[in-house]
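FYI, it's all coordinate maths here, none of it is from the lab. In this text the structure is predicted, and so the values were computed from the model without any measurement. Neighbour counts are summed over all protein chains in view; Cβ atoms, including those assigned to glycine, are modelled from backbone coordinates with ideal geometry.
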Amino acid sequence: MPRIAKYIQTMLLCFFTSSLIFAQSTSLNNAIARFRDQALLTHASVGICLKDLQSGKIVGETEPQVSLTPASIQKVITGATALEILGPDFRFSTRFGYSGELKNDTLWGDLIILGGGDPALGSMYFREHYFNPHFEDVWIKALSDAGIRVVTGNLITDATIFDDQLIPGTWMWEDMGNYYGAGACGLTVYDNQYEIHLQSPKDAGLPTKIIRTDPEIPGLTFDNRVLSDNSNSDGASVYGSPFDLHRVLLGTIPKDRPDFTIKASIPDPADFLALEMQKKLKQSKITLSGEIRNGKAGREFIPLAEIQSPRLIEIIDEMEKTSVNLFAEHLLKYLGYLQNGQGTTAGGIKFITGFWQAKGIGNEGFFMNDGSGLSPTNGVTPEIMTAILKYMKTQSPYAIQFYNALPSPGNGTLTAFNPGNFPHGALRAKSGSMTRVRCYAGYLTTVSGNELAFAIMLNNFSCRQSEAAKAIEDFLKEIRLIY
């Protein structure tokens with residue numbers, strides 16, 4: 001081909017490419033403007049960033065880029081960091097053993113449960129992993145195999161891999177006694193949850209009665225102020241701080257229920273695990289002369305058995321798809337442990353913000369106060385969210401695992417999204433919601449084959465949560481068609 005013809009062909013290609021990009025950008029900006037101008041978002045703060053993964057350029061955004069409350073899309077950041085540092089095959093470990101001296105069938109010393117920060121020990125999300133056989137039965141068998149029938153000392157639970165502040169200081173009082181507000185302990189067990197079973201009278205507006213708790217927590221007391229109600233939903237909340245054995249129950253449950261269950265957080269997980277193990281010892285006719293003690297084991301630890309967690313990617317997958325706050329707080333504290341030798345919320349935050357800053361993603365507009373997003377004082381810009389998403393998709397060695405951990409339409413926290421709007425795996429995203437907050441962050445593949453990292457954040461809207469979610473779904477559907 002003559003040089004002049006080749007030059008003209010190149011110029012035409014550049015012209016048409018530029019025209020297409022300009023037209024797409026204009027369409028995206030118009031779509032963003034229409035989204036913001038909806039009546040249901042009149043008083044809302046709206047943050048949007050759309051980043052083309054191939055070019056790395058932002059192709060649509062709200063300006064200026066303001067920092068907004070992310071709710072549970074914060075788990076995207078926590079999960080991504082843990083995956084990068086620990087790798088998908090990492091497993092947490094809980095060890096069981098003793099200190100002292102064995103003579104015949106007698107241990108002249110203490111039994112020790114040494115916590116390793118496992119967020120999932122005995123979790124309902126991993127029943128097959130921990131209950132086949134039950135992890136406590138594994139410990140009893142280890143004692144039997146060692147010939148131990150008498151223990152002269154104490155049963156010690158060592159949860160000191162993490163600090164004693166189970167709950168981040170910025171969490172709200174109304175959250176921390178409920179199941180989703182369970183704190184991260186170095187010896188977490190059974191998702192740090194228990195059930196409260198209530199009975200309600202046939203008429204509305206009358207007091208309810210506590211039937212039982214499952215499991216039973218010795219010493220736990222209640223001030224039950226829950227009333228029966230005509231509604232068919234759970235409106236009850238549990239109030240109480242970590243290590244406090246008194247709980248206040250407020251709100252309503254449906255009337256005429258013989259057994260209505262609400263979930264709450266265990267006040268002291270390490271102590272509860274010790275009490276459970278104490279029962280197992282008694283049932284197995286192993287004599288424990290001492291008492292339960294919580295704290296650092298102290299003397300030399302001699303291991304008898306080790307319980308390993310599922311792989312980290314399995315824990316992250318569950319965390320992202322079902323939005324388990326406890327798992328996120330554990331990952332945050334464990335990263336703090338790697339940096340400081342003890343897991344703290346502050347240490348984990350310092351680790352995460354420093355990690356992404358080293359990757360060239362600045363902290364301006366990024367205010368992190370927990371790992372899960374439950375704190376209302378968190379703040380992040382949509383642009384920072386998409387920068388992290390872009391890194392994980394284009395630079396992380398674990399890009400596929402991270403991508404697959406995010407929910408797809410019709411599944412997990414995207415259950416309400418219609419899969420028909422996003423066929424062929426076009427959407428993977430984490431959602432986040434709390435009072436007057438609705439956010440989504442993830443990946444969108446358009447009909448043209450373009451891949452976008454996106455973050456859409458709404459704060460302080462006056463419509464219902466379902467309306468806000470539907471507006472975002474419709475917006476993503478439009479973006480998929482026009483870019």
Summed over the other residues with a beta carbon less than 11 angstrom from that of Pro70, with K and R at +1 and D and E at -1, the charge totals +2
Applied in sequence order to segment 93-102, the curve 6.51 cos²θ - 1.76 cosθ + 1.60 (Karplus, θ = phi - 60°) yields integer Hz couplings, x standing for Gly and Pro, of 9, 10, 10, 10, x, 8, 10, x, 10, 8
Using eta = 0.890 mPa s and T = 25 °C, Stokes-Einstein with Kirkwood Rh from Cα pairs puts D for the chain, in µm² s⁻¹, at 99
So the angle from the long Cα axis of helix 135-145 to the longest Cα principal axis of the chain, reported in degrees to the nearest 10, equals 40
Straight-line reach check, Lys359, cutoff 23 Å on alpha carbons, 8 or more apart in-chain or any other chain, hits among lysines -> Lys51, Lys57, Lys75, Lys333, Lys350, Lys390, Lys393, Lys430
For the chain, longest principal axis from Cα atoms; helix 345-358 axis from its Cα atoms; angle between them, nearest 10 degrees, is 30
In debye to the nearest 20, the charge dipole size for segment 92-310, taken about the Cα centre with +1 at each Lys and Arg Cβ and -1 at each Asp and Glu Cβ, equals 520
Once the dipole of the chain is set up from charges on Cβ (+1 Lys and Arg, -1 Asp and Glu), the residue from the list Ala426, Leu288, Ile361 lying farthest towards its positive end is Ala426
Taking Cα atoms only, helix 312-322 is inclined relative to the longest principal axis of the chain by an angle, in degrees rounded to 10, of 70
Rounded to the angstrom and largest first, Cα extents along the principal axes for segment 164-220 equal 43, 25, 18
Within segment 92-310, pairs of Lys residues whose Cα atoms are less than 15 angstrom apart, provided they are eight or more positions apart or on distinct chains, add up to 6
Computed over segment 92-310, the distribution of all Cα-Cα distances in 10 Å bins, rounded to whole %, is 8, 31, 30, 19, 9, 3, 0
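What GluC sites (Glu not before Pro) does segment 253-341 have in DSSP loop regions with at most 11 other beta carbons within 10 Å? Don't jump to the answer; show the numbers that get you there.
Working: sites: Glu276, Glu291, Glu300, Glu306, Glu314, Glu318, Glu320, Glu329; in loops: Glu291, Glu300.
Within segment 253-341, the qualifying GluC sites (Glu not before Pro) (loop, at most 11 other Cβ atoms within 10 Å) are Glu291, Glu300.
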